[in-house]
Every structure is written in C-alpha cells, then in structure tokens.
Amino acid sequence: MEKLLANQFALVTGASSGIGYGVAKALADAGASVALNYHSHAESAEKLADEINQSGGVAIAVKADVSNPADVDAMFEACRARFGTLDIVVANSGLQKDSAFAEMTLEDWQTVLATNLTGQFLTAQAAVKEFRRRGPTSVSKAVGKIICMSSVHEVIPWAGHVNYAASKGGIQMFMKSLAQEVAPERIRVNSIAPGAIRTQINRDAWDTSAARDKLLQLIPYGRVGEVEDIGKAAVWLASDESDYVVGTTLFVDGGMTLYPGFADNG
Ligand code: BGC
C-alpha cells in the first residue's frame, strides 16, 4: 500500500530533539522526504537524517535559527535545492526560559517570543510564499499544509512561565488568523497542542517518581505523553485524511485541558 505522505516534501523546524525529532521521524515513516532543521545540535539532526536515509527514506539536515529572517530564507533555499519544493511545513522550534514574573529578564522574555512566535511567523511566511510559487500538485488535495506546534498553554495559564504561555497564546490567534487568510488558496494551517510529552524540556516534571506522580494528577488519561503521540497526529494533519480540517488546534494531551482539578471540586 502506498504510504500516506508518499512523494511529499516536508520541513520540520527544531527537529534535532524532542517533539520535532519525533514528528520528523513519523513523517519520514509515512513516506515524506524530510528536511530536519536544527539550531545547535548538528550531530543528532545528522544522525536522524542518516538513519532515515539508510532505511530507504530521504532526509537532509539544515542549520538555521528560525528567529533570523536570513537563516529562514537560506533554509527554504536549501530545501528547494534538494527537493524542488515543500508540501508540508511543521513550525515546531520552541524553548522555555522559566522564572517568576518579577525576576524575568527582558532577554528571557524576548528570547522565548523570538523563537516560539516570531520563528513560526517567519517559517510560515516562507512556507506560504513557496506554496504560492509552486501552485497545485498531484501529491495532495491542498496546495500546502502548515502545522504550528502550540501547547496546552495556549489556553492553560502557567504561573512562572509568562513568556512561554504568552508565546503559545499568541500562536493560537496567529494560526487561526493565518488559516482564515490562506484557506481560499487551499493552504491548510492547523496547530497541534501537546500536553506533557516526555522530552528534555520538561525532564524535571517526570524524571523522579515523586515528580511523575504530581504530574499525573494533571493528566486524566494516566500517562505521560510520548513524542510518537505527536508524530501520529502530525502525519494525520499533514495528510489528505484531514483535508477538511482547517484552522483547528488538535489537543494531544491525555485530557490535560479537561481541568482534572475540577473532577471532585468546584
Ligand atoms: C511544556 C512542558 C509542559 C507541558 C504541560 C508544554 O508546552 O513545554 O514543559 O510539561 O506543556 O504543562
């Protein structure tokens, strides 16, 4: 059977670790050729590219700081040089710089907004321009698909993380406004909002049993998420199986946004 994303070209930003790594691997397993963007961890992006290439897929690793317009242009140019075009762009790069509000430095505020929000702006803008330049294809019903990596914190307030929560709250309206603007051109824009997924970004929240027990109180489904959970959602959102899904945030969170604190309270 032909794979769901056969003959399609994808770019995943922040693919050297965590959710981006899992999404890139899942897209490749679904038959897409994948460009793995990294910022500083060349070795792990190159290693994943090698693994994909050795198992019969196609992958390249591309360095870029997504908050830098010239880097983003060069990244898309590298994708065009290798693949000719892109059909799927996953704007995933993100980071946390946590601190209590009064102590948060302007630098930590700006660094988080620059990568998490401006980075998605620059990436999605370059994607829209590439989809317009290339026009319709036979590989997908949509002219192009953009997936924004959001978070449950696009709706759940998060004390001690105002920069991160503001960036993800921003992604909610960024994604919807962009989706509304480009849907008439058959460019589909959606978000995935992961809950607590077991990666380095939240290691403190799961790597001791005491921490894990506390975290599980926030997850009705009773387990911490894995990057594969997000990878599967990304494959579906990137495929024609979700062709009528436009401007939606898909929460993949084990029920975290069901506010389990209210189950026997309120
Ligand atoms: C954050 C994680 C956190 C999760 C649930 C994510 O967006 O990056 O650190 O564990 O939300 O709170």
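The values are calculated or read from the model by the stated rules, or taken from the named source; none is laboratory data. Nothing here was measured: the structure is a model prediction, and the numbers come from that model. We place every Cβ from the backbone using ideal geometry, glycine too, and count neighbours over all the protein chains shown. Side chains are part of the model used for accessible areas, which takes the heavy atoms of the whole protein and leaves out ligands, DNA and RNA. Shrake-Rupley method; radii C 1.70, N 1.55, O 1.52, S 1.80 Å.
Could you check PRO220 against (1) open to solvent by 20 Å² or more (accessible area, probe 1.4 Å); (2) in a loop (DSSP other than H, G, I, E, B); (3) within 11 Å of the ligand (Cβ to nearest atom) and say which number it fails?
In the conditions (1) open to solvent by 20 Å² or more (accessible area, probe 1.4 Å); (2) in a loop (DSSP other than H, G, I, E, B); (3) within 11 Å of the ligand (Cβ to nearest atom), PRO220 misses (3) alone.
From the residues in segment 243-261 that are open to solvent by less than 40 Å² (accessible area, probe 1.4 Å) and outside any helix (DSSP H, G or I), which one is nearest to the ligand (Cβ to nearest atom)?
The initial filter retains those residues of segment 243-261 that are open to solvent by less than 40 Å² (accessible area, probe 1.4 Å), namely 245, 247, 249, 252-257, 260.
Restricting the remaining residues to those that are outside any helix (DSSP H, G or I) gives 245, 247, 249, 252-255.
Working: VAL245: 21, GLY247: 20, THR249: 13, VAL252: 11, ASP253: 8, GLY254: 10, GLY255: 12 Å.
Ranking the qualifying residues of segment 243-261, first place goes to ASP253.
Please specify each residue of segment 155-164 satisfying the condition of being more than 9 Å from the ligand (Cβ to nearest atom) and of a type outside the set (S, T, N, Q). Break it down stepwise before answering.
Just the residues of segment 155-164 that are more than 9 Å from the ligand (Cβ to nearest atom), to begin with: 155, 157, 159-160, 162-163.
Selection gives VAL155, PRO157, ALA159, GLY160, VAL162.
Would you be able to tell me the number of residues in segment 101-149 that are within 15 Å of the chain's Cα centre (by Cα) and basic (Lys, Arg)?
Residues in segment 101-149 being within 15 Å of the chain's Cα centre (by Cα) and basic (Lys, Arg): 1 in total.
Yes or no: THR249 polar (S, T, N, Q) and under 15 Å from the mean Cα position of the chain (by Cα)? Reasoning before the result, please.
Numbers: polar (S, T, N, Q): yes; under 15 Å from the mean Cα position of the chain (by Cα): yes.
Yes.
Please work out which residue is nearest to the chain's Cα centre (by Cα), limiting yourself to segment 223-237 and to residues that are within 16 Å of the ligand (Cβ to nearest atom) and open to solvent by 20 Å² or more (accessible area, probe 1.4 Å).
VAL227
Being in a helix (DSSP H, G or I) and either open to solvent by less than 10 Å² (accessible area, probe 1.4 Å) or within 13 Å of ILE147 (Cβ to Cβ) (or both) is the filter here; which residues of segment 23-57 pass it?
Within segment 23-57, VAL23, ALA24, ALA26, LEU27, ALA45, LEU48, ALA49 meet the criteria.
Give me a count of the residues in segment 58-107 that are within 16 Å of the ligand (Cβ to nearest atom), closer than 21 Å to VAL23 by Cα and either of a type in the set (Lys, Arg) or without any contact (Cβ under 8 Å) to a residue 60 or more places away in the chain (or both).
Here the count works out to 0.
Answer yes or no as to whether LYS176 is away from the ligand (no atom under 13 Å from the Cβ) and in contact (Cβ under 8 Å) with a residue 24 or more places away in the chain.
Judged against the criteria, LYS176 is a match.
In the set ASP264, ASP240, which member is open to solvent by 90 Å² or more (accessible area, probe 1.4 Å), of a type outside the set (Gly, Ala, Ser) and more than 16 Å from the ligand (Cβ to nearest atom)?
Values: ASP240 fails: open to solvent by 90 Å² or more (accessible area, probe 1.4 Å).
Testing whether each residue is open to solvent by 90 Å² or more (accessible area, probe 1.4 Å), of a type outside the set (Gly, Ala, Ser) and more than 16 Å from the ligand (Cβ to nearest atom) leaves just ASP264.
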